[in-house]
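A.B. asks: Take this structure first; my questions come after.
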């Protein structure tokens, strides 16, 4: 019996997803657990697997389509079953049914089945990504053999058409070897256009709105990281059974920030236009570099968690964000963000606030500095901090007090842990 394939809801905040790639085409045999297609929200990407075995009878939406969650996107069943009853409103086209095996003799004599595939424009169309790639490479779409769902040309077909061109014209290539190595004409510039992913478009929109709508100002400071680095070294050398070996410098900073923010509620807040919402607990955003772009999962109630809990929870969030499997609900409701670029050797930078938050802390690398102690010149390891805040919600003095208290907490991290 035929059954629909439904686009799942990934988190309560997600209303629709973009289908990025189909791994099966209409007529393919599908086994339970096979990957059918991939899709992405504005924050993360996922793959949907078959829940049952059978034949893929229909595909209702194509690659790059924005589809509401809980919508039928395909049908799995047995050849000969009619999938049209599962077609949702707004589907890209009528489903392509797979004929029953017993019906094959009736259509076998038809000569059209032995003809070469029709040009893409005359079949089911071209995906936006394939069209852009063809324009960039100068490929005639009529030369592309469609392999996408319902006879659609997708990007890999364009690349296949490009790769087939030299093989189709060996005589020309041999007759004019000089043309293959001739330099480009003066003034000609080669380039590659890359279409923005859905996640990249959201990042671009959010960052632009952040800078254009806020009165952002950054204060820079630094602290003596001697005690912090020594404590990290002790954790790393601790017996493995204590479970402290994987505590990082960033974990210690997150712990200190969560405790310090509780004394500075003006920075643990959201600016909502006509009001400011102050939170009772710290929901700490952790900026994560992923293959798809910057994501900021939230470490909820960080002020109530121990150092070890913060360490374990942040690593789980980072791993899920980087793999693309994170629940989109974990990317919301952060009240303050920490962005650590110290591992890249950045000595100072201006982090951009993640709205509607009112502040973000940038963590810089350690540098060796000189100071005088009891008349003697000594060196020490200093770590930089860059606090950006929204001057609409927070004034310079409160922001500076927070940064000053955070420096004190980090320089006395051992005492802070004892509280």
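A.B. asks: Using only alpha carbon pairs under 8 Å that are at least six residues apart, calculate the relative contact order of segment 188-342 and give it in whole percent.
C.D. replies: Taking the mean separation of contacting Cα pairs over the length of segment 188-342, I get 21 percent.
A.B. asks: May I pose another question? Given the Cα-Cα distance of residue 226 and residue 346 and 0.36 nm per residue of separation, how much length would full extension add, in nm?
C.D. replies: Gain on stretching residue 226 to residue 346: 41.3 nm.
A.B. asks: Further, regarding this structure: Relative to the first principal axis of the alpha-carbon coordinates of the chain, what is the inclination of helix 155-168, with its axis defined by its Cα atoms, in degrees from 0 to 90 and to the nearest 10?
C.D. replies: Approximately 60 degrees, to the nearest ten.
A.B. asks: Right, next: At 0.36 nm per residue, and after removing the present C-alpha to C-alpha distance, how many nm does the segment from residue 201 to residue 23 gain when stretched out fully?
C.D. replies: 61.6 nm
A.B. asks: Further question: I need the peptides 294-304, 267-277, 389-399 ranked by packing, meaning the mean over residues of other C-beta atoms within 10 angstrom, with the highest value on top.
C.D. replies: Final packing ranking: 294-304, 389-399, 267-277.
A.B. asks: Right, next: Compare the peptides 362-369, 373-380, 210-217 by average per-residue count of other Cβ atoms within 10 angstrom and give them in order, highest first.
C.D. replies: 362-369, 210-217, 373-380
A.B. asks: Under the rule a/c < 1.5 gives rounded, and otherwise a/b versus b/c splits prolate from oblate, where does the chain land using the Cα gyration tensor?
C.D. replies: Prolate.
A.B. asks: Sequence gap at least 6, Cα distance under 8 Å: using those rules, report the relative contact order of the chain to the nearest whole percent.
C.D. replies: Relative CO of the chain lands at 14 percent.
A.B. asks: How much length is gained if the chain between residue 78 and residue 191 is pulled fully straight, taking 0.36 nm per residue apart and subtracting their Cα-Cα distance, in nm to one decimal?
C.D. replies: This chain segment gains 36.0 nm when fully extended.
A.B. asks: Sticking with this structure for a sec: Take the Cβ-Cβ distance between residue 275 and residue 209 as r, set R0 to 25 Å, and report the resulting FRET efficiency rounded to the nearest 0.05.
C.D. replies: Approximately 0.85, to the nearest 0.05.
Only the coordinates and a few stated rules stand behind these numbers; no lab work does. No experiment lies behind these values; they were computed from the predicted model shown. With ideal geometry, Cβ positions are generated from the backbone for all residues, glycine too; neighbour counts draw on all protein chains shown.
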